[in-house]
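For reference, the structure discussed in these notes is given below.
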Amino acid sequence: MKIVIAPDSYKGTLDQYEVARVMQDALEKSGHTGIVKPMSDGGDGLLKSFSNEGYAQITVNITGPEGDTVEAVYYFKDGTAVIETAEACGLHLITDSHPGDRTTFGVGEMIMHAMDQGAAHIILGLGGSATNDGGYGMFMALGGRATGADGLPSGIFNRDIPKISSFDTESLRTLDRITLTIASDVNNPLLGQSGAVSVFGPQKGIAPEEVEMFETMLQHLSQKMKEPFPESDPDAPGSGAAGGLGWMLMTLGAEMKPGGDLVAEKIQLETAIMEADAVITGDGRSDSQTLHGKVPAVVAKLARKHRKPCYLISGQLTADLGDYFTGTHALAETADDIQKVMEDTPFHLEKKINEIFST
C-alpha cells in the first residue's frame, strides 16, 4: 500500500519529522510505501513540517530573547518564508533571565531578513515562546520607536514597557507589501483571565505575585498602541498567543489562520492523501481536545473527505476517538508504560506499525 504519514511531534521524545521517518522505515520493511508529510498546528516544530518540501534553509544571526546574539534558521522557497518564532525567543534559549528581561526583537529581525530576501508571503509559527512583551520588541525591530515621558528613547525589553509615553511609526517597516500569516491554534485574547499573562505566563517563569504587574504592562502597551493604530483589538481571538505577539502581528496587518489547516495546505497534504491508499497520523497524547483543530483531526478530516482509511497512532490515548479514525492505537497502553515508551519511542513505534500493517 501507499500510505501518507502525517503525524505531529511526540513531545519529549521525537519531533514530527523523526516520527514520520520511523513510521516510514517500519512500513517499508513490511512492503509498503510511506509518503512523509510531517504536520504541525503552528506550535513547536513548524519548520519540521517543511523540511521535506524542498525549502532552502536560511541561517541568520539575530537578537535572542535575553538580548545576546543567537543563530536562527528559517525556510524559504518561491517567495514564501516559514519562520518559527521560537528560533528567536524560544524557551530553549533562556538561561537564568527574569521574564521582564526578555524581548521579541529577534522575531522582527527575522521578518526583516525574509522581506529583504524577497519574501512575498511569510508564515509565522508562534509556539514555544519565552516572552510576554506583547510583541513590543518585534515592533521596535521593524523600525517602530517608543519614547518615555522624559523624552528619551525606550529600550526593547519587557521591563521598558511601563516607561512608554508615546510611539513613533514614521520609520516602521510596514507589512502591507507582503502577506503575513500567523499559524496558531491559540484563541486567547491579549488581556484578562484567559489572556496571555494569566494563562501562559507561569510556564514562562512569571511568579503568581508578578501576574498582575505583567498584566498591567500589556494593558499599558495596548492603550498606547491605540494612538497610532486605532483599530488594534486586544480582544481578537489569538491575540494572547506567544505572550501577546499574536496581537501585535495582527495590529500590524497579519492574518491568523488555524495552524493545522494552513500547514496542510502549504505542504499539499490533500493531494498526497488523494493519491494514497491509507493515512497515518498521531501525536504524543490524543485526548478529548484532539478533535478541536489538533493535527490528527485535520488529517482525519482530509482522509474522510477522500474516503481513505486513517489510523491514529499516538504515544498515549485518553479518550475514545474510534468514531473519527479507522483504528486508534497507543504506544503506552497503561500509565506504567509511559516512561518505558519514552525511553525508546522508535522501538515501540516500529513495533506498533508492524502489528497494524504487517502483510
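Given charges of +1 on the Cβ of Lys and Arg and -1 on the Cβ of Asp and Glu, with all other atoms neutral, how large is the dipole of the chain about its Cα centre, in debye to the nearest 20? Intermediate results must be reported in sequence, preceding the final value.
Values: 28 positive and 50 negative charges, 183 e Å.
Here the chain has a charge dipole of around 880 debye.
What is the packing order of peptides 113-120, 145-152, taking the mean over residues of other C-beta atoms within 10 Å and listing the highest first?
On the way: 113-120: 16.4, 145-152: 12.6.
Going by the mean number of other Cβ atoms within 10 Å, highest first, we get 113-120, 145-152.
Compactness of segment 108-161 is given as radius of gyration and Dmax, 13.3, 39 Å, from Cα positions.
Tell me which of THR334, LEU321, GLY293 sits at the most positive position along the dipole axis of segment 289-343, charges placed on C-beta atoms (Lys, Arg +1; Asp, Glu -1). With unit charges placed on the Cβ atoms, the residue in question is GLY293. Among the GluC sites (Glu not before Pro) in segment 319-359, those placed in a DSSP loop whose Cβ has at most 16 other Cβ atoms within 10 Å are GLU333.
The computed Cα extents along the principal axes in Å for the structure shown corresponds, within (1) 75, 53, 32; (2) 75, 45, 33; (3) 66, 58, 38, to (2).
Label zone (ILE356, point 7 Å along Cα-to-C-beta; backbone nitrogen cut-off 15 Å) within segment 238-281: 277-281. Place a +1 charge on the Cβ of each Lys and Arg in segment 215-258 and a -1 charge on the Cβ of each Asp and Glu, then give the dipole magnitude about the Cα centre in debye, rounded to the nearest 20. In total the dipole reaches around 100 debye.
For the listed peptides 18-25, 54-61, 40-47, a ranking on the average number of other beta carbons within 10 Å per residue, highest first, reads 40-47, 18-25, 54-61.
Going highest first, how would you order 206-216, 66-76 by mean Cβ packing within 10 Å?
On the way: 206-216: 14.8, 66-76: 17.3.
Sorting 206-216, 66-76 by mean packing, highest first, produces 66-76, 206-216.
Dipole of segment 37-184 computed with +1 at Lys/Arg Cβ and -1 at Asp/Glu Cβ about the Cα centre; of ALA88, GLY67, GLN57, farthest Cα towards the positive end is GLN57. Computed with a 1.4 Å probe over protein heavy atoms only, the accessible surface of the chain comes to 42 Å² per residue. Look at the dipole of the chain built from charges on Cβ: of VAL4, PRO208, ASN158, the Cα furthest out on the positive end belongs to VAL4.
Pairs of Cα atoms nearer than 8 Å and 6+ residues apart set the relative contact order; for the chain it is 19 percent.
With a 1.4 Å probe and all protein chains left in place, how much of the accessible area of the chain comes from carbon and sulfur atoms, in whole percent? Roughly 46 percent of what the probe reaches on the chain is carbon or sulfur. Our helix-only sum for the chain, with -39,500 (n - 2.57) per DSSP H run of n ≥ 4 divided by its residues, gives a mean residue ellipticity at 222 nm of -8000 deg cm²/dmol. Taking all Cα pairs closer than 8 Å and separated by 6 or more residues, the relative contact order of segment 112-210 comes to 31 percent. On a straight-distance basis, which lysines could pair with LYS257 in a cross-link, Cα separation under 26 angstrom, same-chain partners fewer than 8 positions away excluded? Straight-line reach from LYS257, under 26 Å: LYS11, LYS37, LYS48, LYS77, LYS204, LYS226, LYS266, LYS294, LYS301, LYS305, LYS308.
Label-to-label distance for GLU53 and ASP150 is 4.8 nm, based on points extended 7 Å past Cα in the beta-carbon direction.
Evaluate the relative contact order of segment 290-338 (contact order divided by residue number), counting alpha-carbon pairs under 8 angstrom at least 6 apart; express in whole percent.
On the way: 47 pairs, mean separation 14.4, N = 49.
Relative contact order of segment 290-338: 29 percent.
The values are calculated or read from the model by the stated rules, or taken from the named source; none is laboratory data. Remember, it's a predicted structure, so these values are computed and weren't measured experimentally. Cβ sites come from the backbone with ideal geometry, for glycine too, and all protein chains shown count toward neighbours. Protein only, heavy atoms only, side chains kept; ligands, DNA and RNA dropped before computing areas. Shrake-Rupley method; radii C 1.70, N 1.55, O 1.52, S 1.80 Å.
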